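Worksheet: the structure to be examined is printed underneath.
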Amino acid sequence: QVQLVESGGGLVQAGGSLRLSCAASGRSFSNYAMGWFRQAPGKEREFVAAISWSGGRTNYADSVKGRFTISRDNAKNTVYLQLNSLKPEDTAVYYCAARQFATAQAPASYDYWGQGTQVTVSS
């Protein structure tokens, strides 16, 4: 069992930056691949970024590539998402998720989810 708690969301102007954190507790965080997803009102939850258990492999949605960076610190049981050059269309609730073994982009592939943190980007 893994418990996930996101933090770091907020209101920011377009072009600004935020860093989201996801603190994990429970068993063997370093055994899990981690993903970030987001969900805007009236839309389906979508993949943002994922990182392998070691941190050696990352992948990103095309819409955030070059602007967002995912990283992890296994000693702190934490995964991060650095959001730069934010746009109003990045406004959503951001969720972190965990799954064993390889990274994946489908939300249904993840076993554990946090409660989400709101990111609002004003124009």
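The values are calculated or read from the model by the stated rules, or taken from the named source; none is laboratory data. Nothing here was measured: the structure is a model prediction, and the numbers come from that model. We place every Cβ from the backbone using ideal geometry, glycine too, and count neighbours over all the protein chains shown. Surface areas here come from the heavy atoms of the whole protein model, side chains and all, with no ligands, DNA or RNA. Shrake-Rupley method; radii C 1.70, N 1.55, O 1.52, S 1.80 Å.
Find the Rg to Rh ratio for region 4-70, where Rh is the Kirkwood radius over alpha-carbon pairs and Rg uses the same atoms.
0.97
Rounded to the nearest percent, how much of the accessible area of the chain (1.4 Å probe, protein heavy atoms only) is carbon and sulfur?
So the carbon and sulfur contribution to the accessible surface is 46 percent.
What are the extents of the Cα atoms of region 43-109 along their three principal axes, in Å, largest first?
33, 25, 18
Can you give the local net charge around N84? Use residues other than it whose beta-carbon is closer than 14 angstrom to its beta-carbon, Lys and Arg +1, Asp and Glu -1.
+3
Hey, got the dipole for the chain? About the Cα centre, +1 on K and R Cβ, -1 on D and E Cβ, debye to the nearest 20?
It comes to approximately 200 debye.
Quick check: convex hull of the Cα atoms in the chain, volume per residue, rounded to a whole Å³?
89
If you add up the charges near V64, with Lys and Arg at +1 and Asp and Glu at -1, over every other residue whose beta carbon is less than 12 angstrom from its beta carbon, what do you get?
Here the charged neighbours net out to 0.
Local charge sum around S52 (other residues, Cβ-Cβ under 12 Å, Lys/Arg +1, Asp/Glu -1)?
Its environment carries a net charge of +3.
Quick one: putting +1 on the C-beta of Lys and Arg, -1 on the C-beta of Asp and Glu, what dipole do you get for region 1-58 around its Cα centre, in Debye to the nearest 20? The partial results should precede the final answer.
On the way: 6 positive and 3 negative charges, 16 e Å.
That gives a dipole near 80 debye.
Can you send over the solvent-accessible area of V12, 1.4 Å probe, protein chains only, in Å² to the nearest 10?
Roughly 20 Å² of V12 is accessible to a 1.4 Å probe.
Expressed as a rounded percentage, what relative contact order does region 1-121 have, with Cα pairs under 8 Å and six or more residues apart?
Taking the mean separation of contacting Cα pairs over the length of region 1-121, I get 36 percent.
For Q13 and A106, FRET efficiency with R0 = 22 Å and r from the beta-carbon atoms, rounded to 0.05? List each step's numbers first, then the result.
Working: r = 33 Å, r/R0 = 1.48.
With R0 = 22 Å, the Cβ-Cβ based efficiency is 0.10.
Starting from region 74-123, pick out the chymotrypsin sites (Phe, Trp or Tyr not before Pro) whose DSSP state is loop and whose Cβ has at most 14 other Cβ atoms within 10 Å.
In loop regions of region 74-123 (DSSP not H, G, I, E or B), the sparsely surrounded chymotrypsin sites (Phe, Trp or Tyr not before Pro) are F101.
Simple spin-label model, 7 Å along Cα-to-Cβ: S63 to S85 in nm?
1.6
Compute for region 81-123: radius of gyration divided by Kirkwood radius, i.e. Rg/Rh, restricted to C-alpha atoms, rounded to two decimals.
Dividing the radius of gyration by the Kirkwood radius yields 1.05.
Over the chain, give the accessible area per residue in Å² for a 1.4 Å probe, as an integer.
Ligands and nucleic acids excluded, the figure is 50 Å² per residue.
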